[in-house]
Structure formats: C-alpha cells, structure tokens
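Here the structure is laid out as structure tokens; the discussion comes afterwards.
The values are calculated or read from the model by the stated rules, or taken from the named source; none is laboratory data. Predicted model only: the values in this text are computed from it and were never measured. Ideal geometry is used to build each Cβ from the backbone, glycine not excepted, and the neighbour counts take in all protein chains shown.
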Amino acid sequence: MPLPTPVTDPQDGSLDLLIEASEIVSRHSLDLDTLLEQLVELVRKVVDCELVAVLLKSGTDALRIRRTFGYRNDRKTRSLRVNLGEGITGAAARDLQTTVVPDVSSDPRYIELVKAVRSEMAVPLVARGKLVGVIDLQSRQLGAFGDREQSVLELIASRFSIAIDAARLYRATLRQNQTLRTLSEIAQEFNRLRPLDELLTKIASLIRTIIPYDSLSILLLEKDGQVLKHYFGVRYDERIQWDNVKLGTGIVGVVAETKTPVLVRDTELDDRYVAIVEGIRSEVAVPLLLKNKVFGVIDLESEHVGAFRSDNVQMLSLLSPQITTAIENAQLYEEVAHNKARMEQDLTAARVLQQNLLYAPVPKFPGVEIAVRNEAALEVAGDLYDFFPTRGVELGVLIGDVSGKGAAAALYSALVSGLVRNLIEPEQSSALLLENLNSALRMRRFEARYLTALYAQWRPLEGEMVVANAGQPRPLLCRDGKVEVLPVVGIPLGLLKGSTYEEVRVALKPGDLLVIASDGITEAVSPAGAEYDEKSLIQTVESHARASAEEIVAAIFEDVVKVSGLDTPTDDQTVIAIRIGESANL
C-alpha cells in the first residue's frame, strides 16, 4: 500500500494540521483506542515513513507498544518493553526531548526490530510535565527526518498528549470503580459458609472475572510445614490435579518459603519455573498468610507472555486475606460438623447475650413512633442497630450489617457498637460519624471484614432527617401514600482509607414515614428464585402506608416470608420504621 503524500509546506500545513489534530482529539475524547489509531493515521498522513509505533508508559520505568503501523503483529512485537533510557525511544522518554538519528547504524543505542531501517525519530508525549509515551518513526531512508518532520511531529504530540493522558486516567478510573464493586461482591461471596470444594470452585470463578487466566491452583501447607498439598486446580473449565510441591521448589514453593508474591512475565526466562502444565508462558503466585504464617499459595498461569501485571499482584494480595479466611472458615466448618449440637447450644446462649448487648430497646422520643425488628440467619447475627438521643432534642438511628455471619460477625458487631458509642458527640454530622467510624475500623485492620451502615439523625427543631449511608440499601420515605427512594449511597466502612460520605437532608412533616432495611430484606430469594427486592419493599410500604410503624414492620417481614418461602432467613434481616407524629416539634 503506497504511503499518503506528506505535507510539503510547513507554514501552510501547520495550521491545517493543528485544526485536524484538535478535531480528532475533540471527537474522540476519552476513547483511548480510537485516539491511538487516529494518531498513527495522522502521523502517516503528514510524515513519509515506513514504520510508526506509539508506546505508552507502563508502570514507573518502562514503555510498551500500544499501536503500530508497518510492524509484524507477532508476540515479540506485542510483548516488547522498552526501559526508560534504553534505545533511541527510551532516551527520548527519559530526557523528555525529541531524539532524531539520521543513521541508526552509527548509534549504539539503536534496537533493531525490523531489518533495513536506516533512520529513526522519537518524539515524547508529555502531559502535566510528565511522560505519557513516545511516538517512534523509522525509515529505510538515510536522514529521512529533518527539522520539518520534527516540527510536525512535535505539533501533533502537543495536541494528543493531554488527550491520551486524560483517556488513560478515565479508563483507570472506570477500571478502579469496577474493581472495587467486584471486590465488594467477592468479599461477600467469600464469607458465605460453604463446603471447601464448593468454596474453591467459587474462588476460581470470581477471580477470573477480574484477572483472566488459563490455569489456577490453590495449594495449602501441610502440618509438617515442608510440603504444599494441591487442594484445587482448574485449567479452562476443567479440573486438574498437581503433585504436591516441596517448600522452595518452583515458583509456588519459592512464594511459600519467602512469603512474598512472585510475578513471572516469561517462564522461559526464569530458572525457578518448573513446568507442570504444558504451554505455560507467564505466572503469578501470591502467598496465603494466616497470622503472618504461610497457610498456602494461590497460583495463576497463562499461555501468553506478559499476561499478568503488577496491579494483578496487588489485587491478588488484597484478596489473599479474604481467600485465606474463607478457606480456613470452610475447613473449620467441616471440622465442627460433628459437634453441631453443642455448637448450636453455645450459639443460642450467645444469641441471647447479643440481643442484650447490641439491640437497644426502642426509645420513647417525643413526637416520633419507632418500631424495629431483627431476624438472624444463624444463632448470632452480623446485623446491628442502635439509638442515640443527644442533648435531649435529637435522635440518632444506626443500622449496620457486618460482612459474613456467625460468631466472627457477631463479635465484629459488638466492636462496632462500642466504637459508635465512643464516637457519638453532640452536633456531630451523620457523615462525620461514618467517616470517624471508618477510620477507627481501618486502624484495627481486621482482615476480610467490613461494615455497611446507615446513620440517620432526626432534628425536630429543624424539622428534618439527616441521612448518611455507607453501603446499606437506600432508605424509603413514605409521604401521603407514595414512596420515594432517598438517593444516598456510599462505600462500606473498613475497606478504604479516607472514605468520605455525603448527607441527604429530608424535610419531614407529620405523618411522614421513614423505612430503613438491611440487605437481608431487599435481597431475600426463594429456592425457586423468586426475589423480594427494593420494588417489593416499596409495594409493601405503600400498601400499608396508613398503618402504624409496628404494623408496617410486621407486614414487611410477613411479605418477605411469603416471597422467599423460608421461615428462617438465609441472611440477617433488620427493619426500622420511624413515623413522624402530629405532636412532633416541627
């Protein structure tokens, strides 16, 4: 295919080029793939050369090819990494200066990818004073790139740099948000009690949604501390079984011995790699630690070179405590199965104690009718609620749901209840309380535990309810028989450092009803798949809009049982109803 005729008049062409580049950037803002494709086309249109490559900064010290013209689309090209300062391209990236080489044969920095190349020009892409990437041009002609070509490329780079940087930030933000949502879902799944084999199958399935792999294995350290037993393995969708691995042998053995993750971009270049599954070219393994002792190793493999990145290591490291806890819980669950009767007796006693410790009696607050009900999925619950009268003129209402169930969740609930009582202060905003509670939980660093919570503050002197939410289902406001969903959401507590929360202020009048429910209500599902969701809750509240708070709470639980068909819930369920009376001080 012949190359397009290049611009011949730099003065006349610069304005047209500037306009064209600006139009491309404007049309394809935040679309990284299209921006790179259009950038290569524009470069070919205005500069006569046989090879074009756009490399973007990857990590802290390397460039990776993202879009090319004229190169072979082979594994060598796709996997090429250029370190800053390496080659002509790396020199331009390191110095943030255009590098032009009229004769590459006389420049020792030149890295040959395509034979017969005679000249090269590398133009850095710079945004906000930092390196974004490099446009690299190569030609089979000596001295193919002069002042005119350099001026044209630098003009193009100036227009595309900021757009590419913004598109990458946008993509990273989307990926981060999706990852956080997925991690939250995974955390909930990991904390469900289930048989070990079923749990490991679920772990493999969930990890594949965020880190593509061809093979996954989970190995656990035997009691002698010298051998890793292969508990679970899957390649594609089929189960596989490995031999056991000695400590210090292969990538997995090294990870267990050093308690440090290992990322291998190319297994053929790593002496530690031991071929067990045929065709593997890259691997990442992360230790599973329990109280800083090796519990096991989770290992991912791929048939492609460079399939895993440093952020995959970070993600697996973030998940590893949850995986460890989930596996340990599953093992413990199986071990105590024979002692179920005694355990149930102990948990029943714990439930009575929990009811006395965590669940405050409904306060008698002037002008407000309050009703609350809690049903535990197990003998002890992870749901909690409490009421906090402050200064005698305001009332705080807390509802929370600890990740997981059982005794661990119940203990965590007790901790939360104590923390909240210590953190409550007069005239403290709802959002600030949640932020302080998040900081307190983060300081304690409980692995694989987090809390969803909602705090509502009734201020009768102002006639308003101030609500802040950290991952709980959205509360409902019923007024004149119609229900409105309050748009207040937020990140669960104990997950991320420095989380902030928004408040919704709702002006209330006599007769208004606020309904707050845990996700055990809005996510109730029957064995046949029938769901009681947010819409179902709205219908129940609207159909009992004139009833008392106590009657509405009873109706909600009755409808949940009808839909789910279960007398005992599969998840903790809590509902709080607050009705503003005629005598409220509005």
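Structure notes:
- The stretch 37-88, residues that are surrounded by fewer than 16 Cβ atoms within 10 Å (Cβ to Cβ), in a helix (DSSP H, G or I) and polar (S, T, N, Q): THR77
- Within the stretch 117-162, the only residue that satisfies the criterion of being of a type outside the set (D, E, K, R), modelled with pLDDT under 90 and at positive phi is GLY129.
- Checking each residue of the stretch 306-319 against the condition of being surrounded by 17 or more Cβ atoms within 10 Å (Cβ to Cβ), assigned to a strand (DSSP E or B) and either assigned by TED's automatic domain parsing to the domain that holds GLY233 or out of contact with any His (no Cβ under 7 Å at 6 or more places or on another chain) (or both) gives no match.
- Of all residues in the stretch 247-301 being part of a helix (DSSP H, G or I) and of a type in the set (D, E, K, R), the one that is nearest to SER320 (Cα to Cα): GLU257
- Filter result for ALA275 (surrounded by fewer than 22 Cβ atoms within 10 Å (Cβ to Cβ), among the small types (Gly, Ala, Ser) and under 25 Å from LYS223 (Cβ atoms)): no
- The set of residues from the stretch 453-483 being in contact with a Ser or Thr (Cβ under 8 Å, 6 or more places away or on another chain) and either more than 16 Å from LEU514 (Cα to Cα) or in the same structural domain as LEU316 (by TED's automatic domain parsing) (or both) comprises ALA470, GLY471.
- Selection count where residues are hydroxyl-bearing (Ser, Thr, Tyr), closer than 20 Å to VAL372 by Cβ and in contact with a helix residue (DSSP H, G or I) (Cβ under 8 Å, 6 or more places away or on another chain), scope the stretch 509-528: 1
- Subset of the stretch 127-138 [β-branched (Val, Ile, Thr) and over 29 Å from the mean Cα position of the chain (by Cα)]: VAL134, ILE135
- The residues of the stretch 189-199 that are at pLDDT 70 or above and crowded, with 16+ Cβ neighbours inside 10 Å, listed by number, are ARG192, ARG194, LEU196, LEU199.
- Among the residues listed as LEU219, LEU180, the single one being out of contact with any strand residue (DSSP E or B) (no Cβ under 6 Å at 6 or more places or on another chain) and aliphatic (A, V, I, L, M): LEU180
- Within the stretch 489-516, considering residues that are of a type in the set (D, E, K, R) and either farther than 24 Å from LEU451 by Cβ or outside the structural domain of GLU551 (by TED's automatic domain parsing) (or both), the one nearest to the chain's Cα centre (by Cα): ASP512
- Among (1) surrounded by 21 or more Cβ atoms within 10 Å (Cβ to Cβ); (2) modelled with pLDDT under 85, the one test that ALA172 misses: (1)
- Failed criterion for ASP571 (all others in (1) modelled with pLDDT of 90 or more; (2) closer than 24 Å to LEU384 by Cβ hold): (1)
- Qualifying residue in the stretch 399-421 (condition: surrounded by fewer than 17 Cβ atoms within 10 Å (Cβ to Cβ), at pLDDT below 85 and assigned to a loop (DSSP other than H, G, I, E, B)): no
- Yes/no for LEU56 being in contact with a Lys or Arg (Cβ under 8 Å, 6 or more places away or on another chain) and assigned by TED's automatic domain parsing to the domain that holds ASP33: yes
- Every listed requirement among (1) surrounded by 16 or more Cβ atoms within 10 Å (Cβ to Cβ); (2) assigned to a helix (DSSP H, G or I); (3) among the β-branched types (Val, Ile, Thr); (4) modelled with pLDDT under 80 is met by ILE19 save one, (1).
- Residue match in the stretch 158-166 (condition: in the same structural domain as LEU319 (by TED's automatic domain parsing) and of a type in the set (Val, Ile, Thr)): no
- Residues (more than 22 Å from VAL489 (Cβ to Cβ) and touching a residue at least 40 places away in the same chain (Cβ under 8 Å)) located in the stretch 526-541: SER526
- LEU495 vs. criteria part of a loop (DSSP other than H, G, I, E, B) and under 24 Å from THR570 (Cβ atoms): yes
- Checking each residue of the stretch 139-153 against the condition of being under 44 Å from the mean Cα position of the chain (by Cα), assigned by TED's automatic domain parsing to the domain that holds ALA53 and surrounded by fewer than 20 Cβ atoms within 10 Å (Cβ to Cβ) gives at least one match.
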